[in-house]
Amino acid sequence: MTEYLAEFIGTALMILLGNGVVANVVLKGTKGNNSGWIVITTAWALAVFVGVVVAGPYSGAHLNPIVTLGVAIAKGFDWAKVPFYILAQLSGAMVGSFLVWLIYKDHFDATEDKGLKAAPFATAPAIRNKVSNLFSEIVGTFVLIFVIFYITDATLGTPEVTKIGLGSMGAIPVAFLVWVIGLALGGTTGYAINPARDLGPRIVHALIPMKGKGDSDWSYAWVPIIGPIIGSSLAALVFLALSTK
């Protein structure tokens, strides 16, 4: 499996399970209807675990454009690969989201609320204030990327023996990291902290022939793109500054 295919498959699996739990919780008539935020954040953490385990050995399991950006800034990841990683992640997110729609189509059709129909695709703020929404995405993403740098540098035993990295072992702390970000910081915007996770499914929402779906809220779509870019860049620069001391 090539690194780009790994990013595609890993991201698709992550979105299938992550957006799938949102559909299960918010759509009418599902077995998990109204089961709450703890279910969503827990399943999203496990979705990240699944994606990282699958993609980690082949691509490093970025699964997120701002992880790719942060690693390129802070750790010398090949900039020539960055656009192809992002394209694979965005494509995987679209495929995963489309599968969620197919699986839950009857429940999408049964749900009347346009906001609930949109929720399994893209994030939306609890209170719409784009300045504070942007700040939330910046902080959440900063925490994600900054801590990931220390996870990937961690070792078991001596560095020469076992490096944790972002493979199967690294998937466990990364899952916990995403879980706590969702529980602690996700209540404001739904913690996109991943432009592909938000933009790819939002495009799918705009394209699918779903009755009564409403618009795709493109006026907000820049927030979960720009916020994570800023947060990731700041995290990489702070990490670099601390590493040189």
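The values are calculated or read from the model by the stated rules, or taken from the named source; none is laboratory data. Model, not experiment: these values are computed from the prediction. Cβ coordinates were reconstructed from backbone atoms using ideal geometry, including for glycine residues, and neighbour counts include every protein chain displayed.
Structure summary
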| read-out | value |
| --- | --- |
| Failed item, numbered, when V53 is tested on (1) of a type in the set (V, I, T); (2) at pLDDT below 95; (3) not in a helix (DSSP H, G or I) | (3) |
| Some residue of segment 24-37 being within 12 Å of the chain's Cα centre (by Cα) and not charged (D, E, K, R) | no |
| Residue count, segment 18-52 (criterion: of a type outside the set (V, I, T) and either touching a residue at least 40 places away in the same chain (Cβ under 8 Å) or touching a Lys or Arg at 6+ places or on another chain (Cβ under 7 Å) (or both)) | 14 |
| Subset of segment 100-115 (residues that are closer than 20 Å to G190 by Cβ and in a helix (DSSP H, G or I)) | V100, W101, H107, F108, K114, G115 |
| Residues satisfying the stated conditions in segment 116-137, i.e. touching a residue at least 24 places away in the same chain (Cβ under 8 Å) and assigned to a helix (DSSP H, G or I) | L116, K117, A118, K130, S132, N133, L134, F135, S136, E137 |
| Hits in segment 227-245 (condition: surrounded by fewer than 22 Cβ atoms within 10 Å (Cβ to Cβ) and assigned to a helix (DSSP H, G or I)) | I229, I230, S233, L234, L237, V238, F239, L240, A241, L242, S243 |
